[in-house]
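Asks: What follows is a structure written as structure tokens; I'll ask about it next.
The values are calculated or read from the model by the stated rules, or taken from the named source; none is laboratory data. This one's a predicted model, so the numbers in the text were calculated from it and none came from an experiment. FYI the Cβ positions are ideal-geometry reconstructions off the backbone, even for glycines, and counts take in every protein chain you see.
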Amino acid sequence: MPKRTADVPAYAGAWVNVGPGEVVRLIDIEGCQVGDLFAVATADHNEFLSPSVTRLNNGNIFPRLGEAFFSCADRPILTFLEDTSPGQHDMLYASCNDAWYRSRGMPDHKNCRDNYFAAARDAGINHAIQPDPVNIFQNTPPKPDGSFFVGVTLSGPGDYVTMRAELDCIVIVTACSSDRILGGKSTPMRLEVYDS
């Protein structure tokens, strides 16, 4: 049984506290759902998971199992332990946002940037700028010509990823709002925290 849980509603965000050595699991409940993942150090909210620093340290575009996600202070913050999905994830795309949707004729569309700020405020984090996300289950790999393949999310109902916290941190997840890559609509996810 998990020690703590947080339900991530469709088109919204949620958060959990995770201590060093604890394990956090992100579950795609219905399948075909991307989760924008963020981790912020509890002791200093200016230290947070950085996809670019992670790429620098690992030398690849996404950590392999057993490798760490690094913070902007160049410290491991989460270690990637388990993945029951087909294994397609992303650390290159920014979160969707209000301006991006408005420029495409979709004013007032829910978006992960606003949802991040709402969840972060609820967790006591007052960031002026949103960190870049780790897009769990997102199927948008780069092609040889440098453009992106934009595919429908491949995860199925109940698929999950598991990560061990290396720092005391706040893990935030927003349920992706991009209907195009979700097969039509956003659906709920769940965060669960376990002892290691």
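Asks: Residues to consider are Asp145, Asp159, Asp132; find the one that is farther than 17 Å from Pro188 by Cα, at pLDDT 90 or above, touching a Ser or Thr at 6+ places or on another chain (Cβ under 9 Å) and acidic (Asp, Glu).
Replies: Asp132
Asks: What pairs come out if I take residues in the range 12-28 that are outside any strand (DSSP E or B) and pair them with residues that are among the basic types (Lys, Arg) whose C-beta lies under 8 Å away, six or more apart or interchain?
Replies: Ala12/Lys110; Gly21/Arg164; Glu22/Lys3; Glu22/Arg164
Asks: So, of the residues in the range 29-52 that are part of a strand (DSSP E or B) and closer than 18 Å to Asp7 by Cα, which turns out to be farthest from the chain's Cα centre (by Cα)? Walk me through it before giving the result.
Replies: If we filter the range 29-52 for residues that are part of a strand (DSSP E or B), which is where we start, we get 35-41, 48-49.
Next, only the ones that are closer than 18 Å to Asp7 by Cα stay: 35-39.
On the way: Gly35: 5, Asp36: 3, Leu37: 2, Phe38: 5, Ala39: 8 Å.
Only one residue fits best here, namely Ala39.
Asks: Check Ser103, Ser186, Ser177 and return the single one that is of a type in the set (S, T, N, Q) and free of Cβ contacts under 8 Å to residues at least 40 places away in the same chain.
Replies: So the residue among Ser103, Ser186, Ser177 that is of a type in the set (S, T, N, Q) and free of Cβ contacts under 8 Å to residues at least 40 places away in the same chain is Ser103.
Asks: Out of all the residues in the range 18-64, which are closer than 19 Å to Tyr160 by Cα and not hydrophobic (A, V, I, L, M, F, W, C)?
Replies: Passing the criteria: Gly21, Glu22, Arg25, Asp28, Glu30, Gly31, Gln33, Gly35, Asp36, Pro63, Arg64.
Asks: I want to confirm something. Restricting to the range 168-196 and keeping residues that are buried (at least 23 other Cβ atoms within 10 Å of the Cβ) and at pLDDT 95 or above, which single residue is farthest from Gly124 (Cα to Cα)?
Replies: Met189
Asks: Among the listed residues Pro107, Pro51, which satisfies the condition of being of a type outside the set (Gly, Ala, Ser), out of contact with any Lys or Arg (no Cβ under 6 Å at 6 or more places or on another chain) and surrounded by 15 or more Cβ atoms within 10 Å (Cβ to Cβ)?
Replies: Within the list Pro107, Pro51, the selection yields Pro51.
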